[in-house]
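Read-outs throughout are calculated quantities, based only on the coordinates presented, and are distinct from any laboratory measurement. Only a predicted model underlies this, so the values are computations on that prediction, with no experimental measurement involved. A quick note on method: Cβ atoms are made from the backbone with ideal geometry, for glycine too, and the neighbour counts reach across all protein chains shown.
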Amino acid sequence: MPFIAALIGYLTKRVAIEMMFRPIEFIGIKPFLGWQGVLPANAERMAATATDMLTNTLIDPKEIFARLDPEQIAKEIEEPLLRVVEDVTREVMEQYQPRLWEALPGGAQQLLLNRVRAEAPKAIAKIMREISHDIDSVLDLKHMVVTNLVRDKSLLNRLIRDISRPEMRFIARSGLVFGFALGLVQLSVWALTKSPLVLPVFGLVIGWFTDWLALKMIFLPREPREFFGLYTWQGVFQKRKDEVSADYGDMIAKEIITIPNLLEAVLRGPKSDRLFQLITREVQRTIDTQAGIVKPLVAAAVGSRTFQEMKQVAAKKAAERVPDTIRYAEDYAVNALDVRNTIVDRMRKLSPPEFEELLRPAFRQDEWKLIAVGAIIGGLVGELQVMFLLH
């Protein structure tokens, strides 16, 4: 009986752990006949909770982006930027007034291109300065993180599972110890009563109690506490604070707050219109300032309204090519933003209750389901024991 009880304790823990993460999509007949992993089923709420911790406590977008040097960004992307400027200029001229562009002497074409190319890095640096001073106007970091975690539920699973692997192992192994201990009690009661009810009842209790106790021991006590003068215990998660901080910082920096994700959020997020306005203004200003040599000819040939449209198209084409251009500065930006070390340093300074909130929301709201499943499995195994003994 103690060995079967230990098996019940272990089995119920493994099932509870897997039910937290699997399956990623609902399997069964919605809404009630089936199952979806607790984390994937609550992806939006879990992601929002994790993001609140990230953006309110660990990362200040203004501080992070202030670390970027606009001039250095312009320098890093200068070569691809100049190619974009030349391509956009040629495309717009050839689209709206191909004959006029072809009719311009080669020297005049090159002079226009050179003047616009010379101004382009300054325009990029100016845009970067404006963005860094008011990053919230073009980037909704919370929306970006939530969107990525909800869109990729496996990423949300990894975020929680990878940083809590030792805790998951502790839960499973604790089931063996707690189950065996309760099995000894079960054996004593069975020896005294010989009642068939002892087995399913104890199976249910073992499944329920060991799940509940293991979950509590992950987080509590928050500070090391001595029990009965014999041993000292601290919540497993709290005890691994430095290691968890390093793992969490690595994952956030490598998979969530990445340069490609930031670019996508800035260029296609809910505040992308603001960036496009900045680019449009700077491209149009650059054209007006540097195209003096041909502006009268172009305006006279196509009309002032069409000339304004040309500037809009040039700005749009430039904005569309910004992502590919900015990626040339990715290595510099990763090092300058230093997201990983920022998160690690600040996580290690969190108070125990704040640190607990990093992982606790993944368990809190639905942990009763996991405990209930443990109890049901324990009870069913107890029934199987009864059937075995009766036969």
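Could you compute how fast the stretch 1-70 diffuses translationally, taking Rh as the Kirkwood radius over C-alpha pairs and applying Stokes-Einstein at 25 °C with viscosity 0.890 mPa s? Give it in µm² per second. It would help to have the intermediate numbers written out before the result.
On the way: Rh = 15.6 Å.
Stokes-Einstein gives a translational diffusion coefficient of 157 µm²/s.
Just subtract the alpha-carbon distance of R45 and R158 from 0.36 nm times their residue separation and send over the number in nm, one decimal. Working shown, then result.
Values: separation 113, 0.36 × 113 = 40.68 nm, distance 1.61 nm.
Gain on stretching R45 to R158: 39.1 nm.
What nm distance separates the two modelled labels at V313 and H133, each placed 7 Å from Cα along Cα→Cβ?
Each label point lies 7 Å from its Cα, and together they span 3.4 nm.
If packing is taken as the average count of other Cβ atoms within 10 Å, what order do 202-208, 168-174 fall into, highest mean first?
Values: 202-208: 26.1, 168-174: 18.4.
Ranking the peptides 202-208, 168-174 by packing returns 202-208, 168-174.
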